[in-house]
């Protein structure tokens with residue numbers, strides 16, 4: 001069976017996979033799932049991913065991969081260049097480490113702030129098939145954590161041209177998408193964070209940034 005990518009154009013994690021696919025120049029059959037329309041909760045999609053999350057990559061063997069890093073790693077194994085997961089064991093460890101740091105210290109608070117404050121996320125404060133109410137205090141705390149993340153990334157990018165290594169990797173994709181998505185919680189990169197803004201402009205020039 002052909003490989004199939006289940007995408008949602010408005011969600012950040014599917015965008016990360018779209019950027020990986022674009023960087024590698026792959027042509028993968030894509031099916032759009034509208035989260036806004038509740039298509040991720042439809043029985044047909046739940047048979048593919050009972051967790052009701054996106055993205056999903058169904059491999060040629062029929063396995064459904066539902067985590068962004070797993071999808072990126074799988075595509076890297078099939079198409080090693082360009083090396084988005086790092087070259088060699090040291091770089092790979094750095095990419096996985098920094099990607100996890102960015103997801104945890106940046107992605108989690110950005111998503112918490114969004115899901116616990118945006119009107120469209122009423123009773124959908126947690127991803128998945130089950131409804132959860134919004135918690136205003138969690139959104140407020142998350143806003144403070146996003147400010148800490150901006151400071152941390154600025155410090156890192158003052159020391160390194162890219163997030164994880166000396167070249168563009170999955171960690172840069174993750175950071176770029178999260179910082180871009182932070183606009184929905186009105187937390188753009190601060191004007192004084194020159195290293196981050198320069199890096200962001202550089203990444204935005206890549207064709208994959210439009211994916």
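Checked against (1) surrounded by 19 or more Cβ atoms within 10 Å (Cβ to Cβ); (2) out of contact with any helix residue (DSSP H, G or I) (no Cβ under 9 Å at 6 or more places or on another chain), residue 187 meets all criteria but (2). Out of all the residues in the range 93-112, is one or more closer than 30 Å to residue 151 by Cβ, free of Cβ contacts under 8 Å to residues at least 40 places away in the same chain and touching a helix residue (DSSP H, G or I) at 6+ places or on another chain (Cβ under 7 Å)? For the range 93-112, residues closer than 30 Å to residue 151 by Cβ, free of Cβ contacts under 8 Å to residues at least 40 places away in the same chain and touching a helix residue (DSSP H, G or I) at 6+ places or on another chain (Cβ under 7 Å): present. The residue that is surrounded by the fewest Cβ atoms within 10 Å (Cβ to Cβ), among those in the range 36-53 that are assigned to a loop (DSSP other than H, G, I, E, B) and in contact (Cβ under 8 Å) with a residue 60 or more places away in the chain, is 36. Within the range 193-211, residues that are under 20 Å from residue 12 (Cβ atoms) have Cβ atoms under 6 Å from residues that are at pLDDT 95 or above and not in a helix (DSSP H, G or I) in these pairs: 196/189; 197/189, counting only partners at least 6 apart in sequence or on another chain.
Here the condition is being under 20 Å from the mean Cα position of the chain (by Cα) and closer than 20 Å to residue 206 by Cβ; of 106, 128, it holds for 106 alone. Quick one: is residue 158 loosely packed, with under 14 Cβ neighbours inside 10 Å, modelled with pLDDT of 95 or more and touching a helix residue (DSSP H, G or I) at 6+ places or on another chain (Cβ under 6 Å)? Taking the combined requirement at face value, the residue satisfies it. Restricting attention to the range 68-81, the residues that are assigned to a loop (DSSP other than H, G, I, E, B) and surrounded by 14 or more Cβ atoms within 10 Å (Cβ to Cβ) add up to 1.
Among the residues of the range 5-29, those identified as buried (at least 18 other Cβ atoms within 10 Å of the Cβ) and assigned to a strand (DSSP E or B) are 5, 6, 7. Do we find that residue 131 is at pLDDT below 95 and at positive phi in this structure? Taking the combined requirement at face value, the residue does not satisfy it. For residue 62, the conditions (1) assigned to a loop (DSSP other than H, G, I, E, B); (2) touching a residue at least 40 places away in the same chain (Cβ under 8 Å); (3) out of contact with any helix residue (DSSP H, G or I) (no Cβ under 7 Å at 6 or more places or on another chain); (4) surrounded by 12 or more Cβ atoms within 10 Å (Cβ to Cβ) are fulfilled apart from (4). Listed by first and then second residue, the pairs linking a residue in the range 13-35 that is free of Cβ contacts under 8 Å to residues at least 24 places away in the same chain to a residue that is surrounded by 15 or more Cβ atoms within 10 Å (Cβ to Cβ), with Cβ atoms under 9 Å apart and 6 or more places separating them unless they lie on different chains, are 25/79; 27/21.
When residue 124 is tested against the conditions (1) touching a residue at least 12 places away in the same chain (Cβ under 8 Å); (2) crowded, with 16+ Cβ neighbours inside 10 Å; (3) in the same structural domain as residue 177 (by TED's automatic domain parsing), the lone failure is (1).
Only a single item in (1) assigned by TED's automatic domain parsing to the domain that holds residue 166; (2) more than 20 Å from the chain's Cα centre (by Cα) is not met by residue 44, and it is number (1). Of all residues in the range 127-145, one or more are within 28 Å of residue 52 (Cβ to Cβ) and touching a strand residue (DSSP E or B) at 6+ places or on another chain (Cβ under 8 Å).
The values are calculated or read from the model by the stated rules, or taken from the named source; none is laboratory data. Note that the structure is a prediction, hence the values are computed from the model and not measured. As a convention, Cβ positions derive from the backbone with ideal geometry for all residues, glycine included, and neighbour counts pool all protein chains shown.
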